[in-house]
Amino acid sequence: MPASVKDVAALAGVSSSTVSNYLNHPHVLGEASRERVRAAIAQLGYVPNESARQLRAGSSKALALILLDAWLPYFHDLSRGVEDVTREGGWSLFFSNSNRDSAQERRNIEMFEAHRVQGIVIYPLDDVVPQLERLADRGIRSVVVGPIRPSSKVASVLFDDVGGGRLAGEHLLSIGRRRIVFLGSPTVSQSNDRLQGLREAVAGSDASITVLDVPHLITEDGLRVAEQIVAMAPEDRPDAVFAANDMVAVGVLTQFLRHGIRVPEDIALVGFDDVDQAHQGVVPLTSVRQPGYAIGRAAGAALLQQLADPTAPPPAPTPFSAELVVRESTVGH
């Protein structure tokens, strides 16, 4: 059995309250008492039960981060940003993955509420504002990464996905591409916003857009849908592909190169997010940069700001603009 406070107290020859003071308020103890308790803890290998302490206190120094899809590299960057800024503030951060499942997303929020976290950062699939507003009424603050309905109780960090799609479309038009395929997921609002920006860019031009569904936004999706393009007669193929994220674009690029389709000479290719893999391939990808780490830090900071003054309204939304990073997949060497 793990050692308890009573075991430490018995070995040190002090009361349980003295051990508790050593763990929580060591400055109130004399040097001799501190040393006896320290030696007993070391000998027994005692580890404080933080969960039990927080349960007794009715609160915690814990926060939660709920991700849409933890396997995508963009979310690695975002997670590091949230974790770094919350750790600097002295908080513990717990992670969960919704895996693009609405029911799982709701269960994750409920789980962290039950564990008495003080705040939640979430990159959602669905409209979670009503659920988060209910938590706010119970003292649990939150930040949504992405577009949300107006709320006086929930903060947000916004990235201009529409603007990013518009930049990609304008670039493809500028290099003479007119038959554009968009690869995205209709269940993800950010993907739909990127498609909207693309449509705005080509409106009034002679360019056409074909939309193909990549439901999971992963590399395997890109490999699969690129097979469909490869199977077309060369004269029927698009002359440009815009993928809703870089991992789909990496799959497309891999399949094209396997089948002798030249990028960008035959088909230009644009990704989104500008994760590390975008510039590490045989043909570096043109991509719309979404600064995941900076966005994560901004979300963490917005949450800590609310926790520092629980009576204040949520801070104004933090906006991030899109930037197009042009590489060989659209303009060649």
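The distance separating the Cα centre of the stretch 158-208 from that of the stretch 57-97 comes to 31 Å. Extending 7 Å from the Cα toward the beta-carbon at both SER208 and GLN305 defines two label points whose distance is 4.8 nm. Annotation: amide H of PHE95 within the under-5 Å range of LEU65, sequence separation 5 or more or interchain, hydrogens built in the peptide plane. Farthest towards the positive end of the charge dipole of the stretch 10-138, among the residues PRO130, GLY119, ASN97, is the Cα of GLY119, using unit charges on the Cβ of Lys, Arg, Asp and Glu. Each of PHE159, ILE261, MET232 was scored by the projection of its Cα onto the charge dipole of the chain, and the greatest displacement toward the positive side belongs to PHE159; charges sit on the C-beta of Lys, Arg, Asp and Glu. Once the Cα atoms are used to define both axes, helix 31-44 deviates from the longest principal axis of the chain by about 60 degrees. Picking from VAL326, ILE140, PRO26, whose Cα lies most toward the positive end of the charge dipole for the chain (charges on Cβ: Lys, Arg +1; Asp, Glu -1)? Looking along the dipole axis, the top candidate is PRO26.
Net charge dipole, the stretch 230-307: roughly 280 debye, given to the nearest 20, about the Cα centre with Cβ charges of +1 for Lys and Arg and -1 for Asp and Glu.
When only Cα pairs below 8 angstrom with a gap of at least 6 residues are kept, the stretch 188-333 shows a relative contact order of 19 percent.
For the chain, set up a Gaussian network in which alpha carbons nearer than 10 Å are linked by springs, and say which option among HIS115, HIS171, HIS27 fluctuates the most. Most flexible of the set in this elastic network: HIS27. So what is the calculated 222 nm ellipticity per residue for the chain, using -39500 (n - 2.57) for each DSSP H run with n of 4 or more, over all residues, to the nearest 500 deg cm²/dmol? Only helices count here, giving -14000 deg cm²/dmol.
Could you work out what % of the accessible surface of the chain is carbon and sulfur, using a 1.4 angstrom probe and leaving DNA, RNA and ligands out of the count? The nonpolar share, carbon plus sulfur, comes to 52 percent.
Computed from label points 7 Å out along Cα-Cβ, the spacing between LEU257 and THR187 is 3.1 nm. Each Cα pair under 8 Å and six or more residues apart adds its separation to the average, and for the chain the resulting relative contact order is 17 percent. Across the stretch 200-212, rounded Karplus estimates of 3J(HN,Hα) from the backbone phi angles (6.51 cos²θ - 1.76 cosθ + 1.60, θ = phi - 60°) give 4, 5, 8, 4, x, 9, 8, 7, 10, 10, 10, 9, 10 Hz, Gly and Pro being marked x. A DSSP coil position with no more than 13 other Cβ atoms inside 10 Å describes the following trypsin sites (Lys or Arg not before Pro) in the stretch 232-292: ARG262. Loop-located GluC sites (Glu not before Pro) in the stretch 235-333 (DSSP state other than H, G, I, E, B) with a sparse environment of at most 15 neighbouring Cβ atoms within 10 Å: GLU265. Extension gain for the segment HIS76 to ARG100, taken as residue separation times 0.36 nm less the Cα-Cα distance, is 7.0 nm to one decimal. Accessible surface area normalised per residue over the stretch 54-137 is 45 Å², counting heavy atoms of protein chains with a 1.4 Å rolling probe. Whole-Hz Karplus values for the stretch 78-86 come out as 4, 4, 4, x, 4, 5, 4, 6, 6 Hz, taken residue by residue from phi with 6.51 cos²θ - 1.76 cosθ + 1.60 and θ = phi - 60°; glycine and proline positions read x. Accessible area per residue for the stretch 216-333, computed on protein heavy atoms with a 1.4 Å probe, is 43 Å². Close amide H partners of VAL145, meaning residues 5 or more places away or on another chain with modelled amide H under 5 Å apart, are ILE122, TYR123, VAL157.
Relative to the Cα centre, the charge distribution of the chain, modelled as +1 at Lys and Arg Cβ and -1 at Asp and Glu Cβ, gives a dipole magnitude of about 1220 debye. Computed from the Cβ-Cβ distance with R0 of 25 Å, the FRET efficiency linking MET111 to LYS61 stands at 0.90.
Around the Cα centre of the stretch 13-136, unit charges on the Cβ atoms of Lys, Arg, Asp and Glu (plus for the first two, minus for the last two) sum to a dipole of about 660 debye. Between LYS153 and ALA42, full extension at 0.36 nm per residue minus the direct alpha carbon distance yields a gain of 35.4 nm. Projecting label points 7 angstrom from Cα along Cα→Cβ for HIS279 and LYS6 puts them 6.1 nm apart. On full extension, the segment bounded by VAL28 and ASP137 gains 35.6 nm, given 0.36 nm per residue less the C-alpha separation. Counting charges near GLY146 (Lys, Arg +1; Asp, Glu -1) among other residues having Cβ under 10 Å from its Cβ returns a value of -2.
The values are calculated or read from the model by the stated rules, or taken from the named source; none is laboratory data. Since this is a predicted model, take the numbers as computed values, not measurements. Glycine also receives a Cβ, built like all others from the backbone with ideal geometry; neighbour counts cover every protein chain displayed. Calculation scope for accessible area: heavy atoms of the full protein, side chains included, ligands and nucleic acids excluded. Shrake-Rupley method; radii C 1.70, N 1.55, O 1.52, S 1.80 Å.
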